[in-house]
Amino acid sequence: GKNLVLRKIAQERKGELKVLGGNLKKMGYISEIKSLISELTQYAVTEEALADFLEKSKEKPHLYYKLCDVQVLYRAFHAYLADQYITAEELLEVLCRVAERSEMIRESVIVLDGFTGFTPIQNKLMQKLLLYAKKVIVTVTIDERENPYQAEGEHQLFYLSKKTVAGLKRLAREVDVKEEEPVWVHPGKKSRFAAGGELAWLEQNLFRLRWQRYPQIAVAEKNGKVCEPGQLSEEAMDAEKNILESRQRESVSAGAERSGQISLHVLKNPAEEISWAAGRIRELIREKGYHYRDFALITGDMESYSPVLERVLADYEIPCFLDNKRSILKNPFVEFIRALLEIAEQDFSYEAVFRYLRSGLSGMEPEEVDLLENYVLALGVRGAKRWEDRFIRSYRGLTEEELEQIDSCRARVAEDLLPFVKIQRKKAVDVRTRTTALYELIAKKGIQGRLAVFEERFKQENNQVLAKEYHQIYGILMDLLDKLVDLLGDEELTIREYKEILEAGFAEARVGIIPPGVDQVMAGDMERTRLK
């Protein structure tokens, strides 16, 4: 919804945008502006505060003109939504106004877990919760060796945690709420670090200014000569190698793997990395009695790795859940809609027509599409007028029966598309009329039913991820069309402007999928994926 509004505002104010104006059509640019406006709202940056930033940045022209553009979009965005709509970021502001009237809050013990800090608007709400809830418990990750009440500098490992503690204490003090004694939760028997070993040592020493040498390496160094960190002597390296080899020969229990917890491997490319990991998973399942659910593949760049992960793990017959929100841009239903709008904008260009016919949702068989495509290419058919009239011209090698079949296909395409294109090609048409015409064509072609057939086929092939995507996609796009009409219904746009606004919505829409099975390898990234 925000993307749709911002795309419209950007089109209207293009003349005022000195720096950003030329970039707004680039892929993902509107999404970045949307994220910036969300951040400004969350951090309670008002239009007046933004004006102050502008004053202070006059000596830095590049920053100044960028901020001028941001100010134009920020003001226009809030003006457009004023008294009609509310964004997700503003919900907490509204909750702050009514929190004291909530019986639910008064009866609740509120636990906040997994936060690394709070934004100003969240702090404002936190103060209300401290005042009106029975109790508020906040968990903070910090080493027991640290003093949580003493923040010395941003370079410290647990600075964010200490900053959060200091902020919470200040909020409680301001509203005269008593702070209880902190409770330290120690690692239990099921903690991944409970058994000691490399992981427990790494957890205690990683990113530390005063780190310690791992015991086995210290032994190895004792047997050789002492070197700088990371520069072992040959004797020390041989000693360490012997230690590691003897430890790797130890048996591995089904619970915690006490030896060889960390190993480093360098390979040429993502495909080789994943193949190595897949081979190791298969080996451990076969020889050590592990299950697929005992493994996770974690990357820092899920976007690049996902296609390779899917392909390689399928080759190894390893069930896997990719923990990422999938973009809908490659879905046939999105292709279908984009092709329809291109046909209207480009007046039945060859590329647009056959993009539509090959989307898998046009209702035409692949053999029929091939026959029609050969004819269109051979005779250079283009423009709505040519598709209205019967195909009667022939060329060498084309039989009378084939020409009849081709014309029958033309008639079906014309019957579906010409009324739609006639509406879309008008200059002054409002968003509601354009969207209604689009929806009526979607309904006429029975797209919901066709998507259900795809979903069923993927279920039978045991491809649960694609089955879930096809189950959700119709609802996602109908919701997008509803938002489009709600937000911009009476606005008159050209077909190109309408298409660009819809593209902005497609770019932001994502399909979220819950893991469809229990015994699967989890693949995800460091920020999003939650691992047991």
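The values are calculated or read from the model by the stated rules, or taken from the named source; none is laboratory data. This one's a predicted model, so the numbers in the text were calculated from it and none came from an experiment. Backbone-built Cβ (ideal geometry, glycine too); neighbour counts: all protein chains shown. Please note that ligands, DNA and RNA were not included when accessible areas were found on the heavy atoms of the full protein model with its side chains. Shrake-Rupley method; radii C 1.70, N 1.55, O 1.52, S 1.80 Å.
Quick notes
- Scanning segment 151-162 turns up no residue that is over 33 Å from the mean Cα position of the chain (by Cα), in a helix (DSSP H, G or I) and farther than 22 Å from L91 by Cα.
- Flag for L284 being over 19 Å from E469 (Cβ atoms) and open to solvent by less than 30 Å² (accessible area, probe 1.4 Å): yes
- Residues that are in contact (Cβ under 8 Å) with a residue 60 or more places away in the chain, among the charged types (D, E, K, R) and part of a helix (DSSP H, G or I), drawn from segment 439-456: R450
- Number of the condition not met by L267 [criteria: (1) open to solvent by 50 Å² or more (accessible area, probe 1.4 Å); (2) in a loop (DSSP other than H, G, I, E, B); (3) at pLDDT below 55]: (3)
- Exactly one residue among E221, E203, E235 is of a type in the set (D, E), modelled with pLDDT of 55 or more, assigned to a helix (DSSP H, G or I) and touching a Gly at 6+ places or on another chain (Cβ under 6 Å), and that residue is E235.
- The residue pairs whose first member lies in segment 340-352 and is open to solvent by 10 Å² or more (accessible area, probe 1.4 Å), whose second member is outside any helix (DSSP H, G or I), and whose beta carbons are closer than 7 Å, counting only pairs six or more residues apart or on different chains, are D347/G383; Y350/R382.
- With respect to the stated conditions, Y43 fails to be in contact with a Lys or Arg (Cβ under 8 Å, 6 or more places away or on another chain), open to solvent by 90 Å² or more (accessible area, probe 1.4 Å), touching a residue at least 40 places away in the same chain (Cβ under 8 Å) and hydroxyl-bearing (S, T, Y).
- Subset of segment 76-92 that is at pLDDT 85 or above and surrounded by fewer than 15 Cβ atoms within 10 Å (Cβ to Cβ) - its residue that is nearest to V138 (Cα to Cα): L91
- Helices (runs of 4 or more DSSP H) fully within segment 1-103 counting 3 or more residues that are among the β-branched types (V, I, T): 29-42
- Selection of segment 32-59 for residues being among the polar types (S, T, N, Q) and over 23 Å from F118 (Cα atoms) yields only S57.
- Among the residues making up segment 426-438, those that are surrounded by 15 or more Cβ atoms within 10 Å (Cβ to Cβ), touching a residue at least 40 places away in the same chain (Cβ under 8 Å) and not polar (S, T, N, Q) are V429, D430, V431, R432, R434, L438.
- Positions within segment 502-523 being of a type in the set (A, V, I, L, M) and either modelled with pLDDT of 85 or more or in contact with a Pro (Cβ under 7 Å, 6 or more places away or on another chain) (or both), in sequence order: L502, V521, M522, A523
- Within segment 111-126, considering residues that are open to solvent by 40 Å² or more (accessible area, probe 1.4 Å), outside any loop (DSSP other than H, G, I, E, B) and not β-branched (V, I, T), the one modelled with the lowest pLDDT: P120
- Test result for E100, of a type outside the set (F, W, Y), touching a helix residue (DSSP H, G or I) at 6+ places or on another chain (Cβ under 8 Å) and closer than 30 Å to L488 by Cα: no
- Contacts under 9 angstrom Cβ, first residue in segment 165-191 being of a type outside the set (S, T, N, Q), partner open to solvent by 100 Å² or more (accessible area, probe 1.4 Å), 6 or more apart: V165/Y149; A166/Y149; K169/Y149; A172/K178; E179/R173; W184/E144; H186/E144
- As for segment 52-63, it holds at least one residue that is in contact with a Cys (Cβ under 8 Å, 6 or more places away or on another chain), surrounded by 13 or more Cβ atoms within 10 Å (Cβ to Cβ) and of a type outside the set (G, A, S).
- Taking segment 1-30 as the range and being open to solvent by 20 Å² or more (accessible area, probe 1.4 Å) and not charged (D, E, K, R) as the test, the residues that pass are G1, Q11, G15, V19, G22, N23, M27, G28, Y29.
- In segment 98-110, of all residues being open to solvent by 70 Å² or more (accessible area, probe 1.4 Å) and touching a Lys or Arg at 6+ places or on another chain (Cβ under 9 Å), the one that is nearest to Q42 (Cα to Cα) corresponds to E100.
- Of all residues making up segment 14-40, the number that are touching a residue at least 12 places away in the same chain (Cβ under 8 Å) and of a type in the set (D, E): 1
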